[in-house]
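Reviewing the structure listed below.
The values are calculated or read from the model by the stated rules, or taken from the named source; none is laboratory data. Predicted, not measured: the structure shown is a model, and the values here were computed from it. Cβ sites come from the backbone with ideal geometry, for glycine too, and all protein chains shown count toward neighbours. Areas reflect the complete protein model, heavy atoms only, side chains present, ligands, DNA and RNA absent. Shrake-Rupley method; radii C 1.70, N 1.55, O 1.52, S 1.80 Å.
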Amino acid sequence: LVCILCVFFCVKIAGQNSQHDHHKRSCISEAEYQRVFSRCEANIKKFNVKVNKSTSIPLLEWPLKLAPGFDYPGYYVINNYVDHNPIEGMLLDYNCGSRTYDRDDYDHTGTDIDLDPFEWQMMDEGAVQVIAAASGYILDKDDGQYDQNCSCVGDANYLIIQHDDGSRTLYWHLKQNSVTLKEKGEFISVGEYIGLVGSSGCSSHPHLHFEV
């Protein structure tokens with residue numbers, strides 16, 4: 001019995017370590033940022049998107065929820081936070097810890113939220129939905145890209161929302177053919193469905209790269 005318990009805990013710990021020690025890399029390259037932000041600026045004019053520049057900063061809701069019919073007791077874990085220290089070799093997450101990776105090396109300015117504990121199964125089942133963290137207008141989106149990447153290749157399925165104060169939220173690595181049918185320029189409400197968690201674009205596993 002003791003041997004069985006030892007094996008169980010060793011397997012459990014090994015699984016937890018492998019689950020969250022994914023390769024650290026920028027989810028969105030500098031070229032990709034430039035390309036999609038250029039499209040955003042063009043879409044503001046094309047669709048006459050309202051940018052009020054409100055002085056009221058929107059309070060963000062959690063950008064994930066379980067899809068109807070699923071009752072996992074837990075379904076996510078934070079893999080990496082934003083690095084708040086731009087100095088090379090220095091790490092600083094929101095809690096003054098090091099659960100992040102060097103912004104100077106990777107330019108990673110979002111939060112990686114992994115599916116957990118059965119990431120690929122949960123992705124295949126469509127168990128976790130990505131939802132709007134705040135209301136706004138859809139500036140840009142893409143869908144149809146391969147969604148089971150384990151390395152940094154290809155383009156991502158994504159959506160970008162413009163909020164009243166001029167800020168934007170980015171939702172990256174979405175599952176193929178899951179992105180909302182709402183069009184660019186349309187209003188989307190807080191908590192409204194955006195897509196499903198996937199592993200499209202520069203992604204080593206199913207997760208949401210959420211960025212403000």
Return a yes/no flag: does the range 56-73 have any residue that is at pLDDT below 85, surrounded by fewer than 17 Cβ atoms within 10 Å (Cβ to Cβ) and closer than 23 Å to Ser200 by Cα. no
The residue that is modelled with the highest pLDDT, considering only those in the range 80-105 that are over 16 Å from the mean Cα position of the chain (by Cα) and outside any loop (DSSP other than H, G, I, E, B), is Arg103
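Kindly indicate whether any position in the range 125-132 is part of a loop (DSSP other than H, G, I, E, B) and more than 14 Å from Tyr76 (Cβ to Cβ).
We begin by selecting, within the range 125-132, every residue part of a loop (DSSP other than H, G, I, E, B); these are 126-127, 132.
Still in the running and more than 14 Å from Tyr76 (Cβ to Cβ): 126, 132.
Yes, that holds for at least one residue.
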Which count do you get for residues in the range 146-163 that are surrounded by 15 or more Cβ atoms within 10 Å (Cβ to Cβ) and either among the β-branched types (Val, Ile, Thr) or assigned to a loop (DSSP other than H, G, I, E, B) (or both)? 9
Can you work out which of the residues in the range 164-181 that are touching a Ser or Thr at 6+ places or on another chain (Cβ under 7 Å) and under 20 Å from Leu59 (Cβ atoms) is most open to solvent (accessible area, probe 1.4 Å)? Asp164
Got at least one residue in the range 114-127 being surrounded by fewer than 21 Cβ atoms within 10 Å (Cβ to Cβ), over 16 Å from the mean Cα position of the chain (by Cα) and within 23 Å of Glu41 (Cβ to Cβ)? no
Considering each residue of the range 183-197, count those that are open to solvent by less than 70 Å² (accessible area, probe 1.4 Å), more than 27 Å from Glu119 (Cα to Cα) and out of contact with any helix residue (DSSP H, G or I) (no Cβ under 8 Å at 6 or more places or on another chain), and give that number. 2
Six or more apart or on different chains, Cβ atoms under 8 Å: show the pairs whose first residue is in the range 74-99 and over 25 Å from Pro117 (Cα atoms) and whose second is of a type outside the set (Phe, Trp, Tyr) and open to solvent by 100 Å² or more (accessible area, probe 1.4 Å). Leu92/His84
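Taking the options His205, His163, His209, His173, name whichever one is more than 16 Å from the chain's Cα centre (by Cα) and closer than 20 Å to Thr111 by Cβ.
Working: His205 fails: more than 16 Å from the chain's Cα centre (by Cα); His209 fails: more than 16 Å from the chain's Cα centre (by Cα); His173 fails: more than 16 Å from the chain's Cα centre (by Cα).
Exactly one residue qualifies, and that residue is His163.
Matching residues to (1) among the acidic types (Asp, Glu); (2) out of contact with any Pro (no Cβ under 8 Å at 6 or more places or on another chain); (3) at negative phi:
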{"site": "Tyr75", "(1), (2), (3)": "no, yes, yes"}
{"site": "Leu91", "(1), (2), (3)": "no, yes, yes"}
{"site": "Asp114", "(1), (2), (3)": "yes, no, yes"}
{"site": "Gly126", "(1), (2), (3)": "no, yes, no"}
{"site": "Ala132", "(1), (2), (3)": "no, no, yes"}
{"site": "Ile138", "(1), (2), (3)": "no, yes, yes"}
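Being crowded, with 18+ Cβ neighbours inside 10 Å and on the phi < 0 side of the Ramachandran plot narrows it down to one residue among Asn95, Asn85, Asn80, Asn52; which is it?
On the way: Asn95 fails: crowded, with 18+ Cβ neighbours inside 10 Å; Asn85 fails: crowded, with 18+ Cβ neighbours inside 10 Å; Asn52 fails: crowded, with 18+ Cβ neighbours inside 10 Å.
Exactly one residue qualifies, and that residue is Asn80.
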